[in-house]
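Working notes for the structure below.
The values are calculated or read from the model by the stated rules, or taken from the named source; none is laboratory data. What you see is a predicted model, and the numbers here were worked out from it, not measured in a lab. Please note: Cβ atoms are built from the backbone with ideal geometry, for glycine as well, and neighbour counts cover all protein chains shown.
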Amino acid sequence: MTAFWIAAGLLTALSLAVLCWPLLRRRENASASRRAINAAIFRDQMADLDRDLASGTLSQDDYATARDELERRVLEDVADDGTPAAEPPRRLPRTAIGLGLSLPVAAVALYFVLGNPAALDPAAQQGNMPSQAEVEQMVSALAARLEKNPDNPQGWAMLGRSYKVMGRLDEAAKAFDKAGPFMESEPELMLEVAELSAELNQGKIEGRGAALLKKVLLTQPDNPQALVLAGTDAYFRQDYPAALRHWERVLAQVPPDSEDARNLGAGIEKVRSLMGQGGQGASNPAPAAKPAATGKAAAVSGTVSLSPALKDKAKSDDVVFIFARPVNGPRMPLAVLRARVADLPKDFSLDDSMAMSPDTKLSSASELRIEARVSKAGDAIAKPGDLSGEVFPVKPGTSGLKVIIDKTLP
């Protein structure tokens, strides 16, 4: 916006300089110039008469007659000029000042009438974003068009992604099914199906999603998203060696000091702990420690809200993860709840039924860290630019918490 006004000001100043210069410079006196020219002509003609008289080509009588005629014409010219010969040169400063004041005002007024001032205001541009109701209306219109003309796999894929972002997972699965083989045309689309399967099956990837995930790993064995999904599927199946293998491969690809590295490291640490408790972990895991509280009695509840200062940085359909971690120990979440920014402020309750593993429940921790994060990409792994907030330490069974999302992850 600043650059626009600077450029507009410079152009206005240049226009004023071009227009005002003729009004401010010293102007020639037209009448005085005409008299000077006439006088010069008179002198030249008199000189010619004098030469003709001296050479004998002109008689004395003819000379006198021609001179009288010249003097008469000069006197007539002076009589016809009503402007005083001594009139001083004039400037027009008042006109220039008036033009200098009126032109910028008129230009700004015309811009606000005929132009688009809202284009310079980021807040106004943000205000032009479609509302949640408008988004849902567009999605409904797309679904209606596809029902009338179902032979559009790209449209079904788009509809499935829209439903997935909106949290309508069952409808997303149906749309992906109707997209048919098109969902196998790109790795990103195949991973959409695999991720949706994990969300529908509590972390496990089943059916077509599992087949497509395997296909991606065969062609792109270092695909980070595919490795994370494969590791998560293995973890929830208690195949800890496979989970460790996949997550360690991703860890080698991310910056060591990033949030992704910290989250992966916590997951890997948890897997190694589980493997140490039961040999290879999957076949005979050791019994979990006696919990400090059990069942619903260990539930943690409260309200999650978004700080007004960050509202412009979040879209209504961005995914919000609400989860509990132990204050001390691995960062693997003990309970997770998913929502959308449009749902905020949102009342939440986390308990053992939301555990990501039967061996690590919310009730097993003595102190908890309750976090809420707006994921710009919709992924469980935190990324720079995500919005976050947390409260700690919290005892299992605490209610009435207020978690405010008030910071941006670097």
Checklist entry - Just a yes or no: is a residue in region 291-310 in contact with a helix residue (DSSP H, G or I) (Cβ under 9 Å, 6 or more places away or on another chain), among the charged types (D, E, K, R) and modelled with pLDDT of 80 or more? => result no
Next on the checklist: Would you confirm, using the coordinates I've provided, whether VAL254 is touching a helix residue (DSSP H, G or I) at 6+ places or on another chain (Cβ under 6 Å), in contact (Cβ under 8 Å) with a residue 24 or more places away in the chain and assigned to a helix (DSSP H, G or I)?
Outcome noted: no
Checklist entry - Would you pick out the residues in region 131-189 that are outside any helix (DSSP H, G or I), modelled with pLDDT under 85 and loosely packed, with under 13 Cβ neighbours inside 10 Å? => result SER131
Checklist entry - If you check every pair at least six apart or on different chains, which have Cβ atoms under 7 Å apart with a residue in region 177-188 that is closer than 10 Å to GLY160 by Cα first and a residue that is part of a helix (DSSP H, G or I) and not aromatic (Phe, Trp, Tyr) second? => result ALA179/PRO153; ALA179/ALA157; ALA179/GLY160
Item to check | Unmet criterion (only one of (1) out of contact with any helix residue (DSSP H, G or I) (no Cβ under 8 Å at 6 or more places or on another chain); (2) assigned to a loop (DSSP other than H, G, I, E, B)) for ASN263 | outcome: (2)
